[in-house]
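**Q** Below you will find the structure I want to go over with you.
Here, each number is a calculation from the coordinates, and none is a lab measurement. Please read these numbers as outputs of a predicted model, since none were measured by experiment. Every residue, glycine among them, receives a Cβ derived from its backbone with ideal geometry; neighbour counts consider all protein chains shown.
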There are 2 protein chains.
Amino acid sequence: MQPHGILETAVYAQDLDAAERFYADVLGLTVILREAGRHVFFRCGAGVFLVFHPAITVQPLTQPGHIAVPPHGTTGAGHMAFAMRESEIAAWRERLAAHGVAIEQETVWPNGGHSLYFRDPAGNSIELATPRLWGIEDNTIEKE
Amino acid sequence: MQPHGILETAVYAQDLDAAERFYADVLGLTVILREAGRHVFFRCGAGVFLVFHPAITVQPLTQPGHIAVPPHGTTGAGHMAFAMRESEIAAWRERLAAHGVAIEQETVWPNGGHSLYFRDPAGNSIELATPRLWGIEDNTIEKE
């Protein structure tokens, strides 16, 4: 028995409005849940991408009507990677440029995987990478 | 155009050996890459789960023979969730107990989703959750 995937991936940001604009407008993710000042959640593929305000989520949740969750919260630049298709690499470069998002690094890995690194408004190191980077088949391609 | 999934999910831990024992022995993940003192990576479903030593990854990578990546690193308790099957909830409870891992919180959500929360050795808030929590079909069940 082992987990059969990752369901939630989180980064932290003090300015949740800026984070929402970035992940919705630049990356095209759909907001599924928002609690002003605490978090904004996005659907992404077979999972969800969570952005939390760390100064709020480190405190026990005590608002009436909410189910408390264990406290958590980080400072500093986190890291995560979204999956992109190989056919979309150029389009992502253009999309990031059109939104004034600098590509901090672009890497073609020895195995043919391709990564674009950039920063979200909170300074997190965000990557768009082709699943080939990890020897993972891009099983969504045939759905296009 | 939007990312078609999350490819990499990261948490941070200063004691990577303890992290590796936890994620390999307790959660059953398979190590795919290890650099002593810097990181240990695991395969998980259609993505990878990364554990980094934040004091190392915040520094620019300068070792010869390595492709540098942008610096990142956090302190404090991060959060992420692994996907579990509904049929496995009891088995996960038993597995955690057998390894002396306390369940910090168990929640059945109004929509029927089910979460087990516990801490990794670094204090990160780790969750095992059924995809129903996010209205996501568990499309791996038929593969069993």
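**Q** ³J(HN,Hα) across region B:77-92 via Karplus (A = 6.51, B = -1.76, C = 1.60, θ = phi - 60°), whole Hz, x for Gly/Pro?
**A** For region B:77-92, the Karplus-derived couplings read 7, x, 9, 7, 10, 8, 8, 10, 7, 4, 6, 10, 4, 5, 5, 5 Hz, x marking Gly and Pro.
**Q** When each copy gets a label point 7 Å from Cα toward the beta-carbon at A:Glu104, what are the spacings between them in nm, shortest first?
**A** Nearest first, the other copies' label points are 2.6 nm away.
**Q** Taking the Cα atoms of region B:1-75, report the difference between the largest and smallest coordinate on each principal axis, in whole Å and largest first.
**A** Result, largest extent first: 39, 31, 26 Å.
**Q** Which whole-number percent of Cα pairs in the protein assembly as shown have a distance greater than 23 Å?
**A** Taking all Cα-Cα pairs of the protein assembly as shown, the fraction more than 23 Å apart is 52 percent.
**Q** Can you compute the modelled spin-label distance between A:Thr75 and A:Gln14, with each label point 7 Å from Cα toward Cβ, in nm?
**A** That separation, rounded to one decimal, is 0.9 nm.
**Q** Here is a follow-up. Take the eigenvalues of the Cα gyration tensor for chain B, scale each by 5, and report the square roots as semi-axes in whole Å, largest first. Kindly include the intermediate steps, with their values, before the conclusion.
**A** Working: eigenvalues 160, 66, 39 Å².
Here the semi-axes work out to 28, 18, 14 Å.
**Q** For A:Ala55, go 7 angstrom from Cα along the Cα-to-Cβ vector, then report the distances to that same point in the other copies in nm, smallest first.
**A** A:Ala55 label point versus its equivalents elsewhere: 2.7 nm.
**Q** Give the Debye-formula value of log10 I(q)/I(0) at each listed q (0.22 Å⁻¹), with one equal scatterer per alpha carbon of region B:76-144, two decimals each.
**A** Result of the Debye calculation: -0.97.
**Q** Just B:Thr74, B:Thr107, B:Thr57 to compare: in a GNM of chain B, with alpha carbon springs under 10 Å, which one fluctuates most?
**A** Fluctuation is largest for B:Thr107.
**Q** For n ≥ 4 DSSP H runs only, could you compute -39500 (n - 2.57) per run for chain B, divide by its residues and tell me the 222 nm figure to the nearest 500? Walk me through the intermediate numbers first.
**A** Details: 3 runs with 20 residues, N = 144.
It lands at -3500 deg cm²/dmol.
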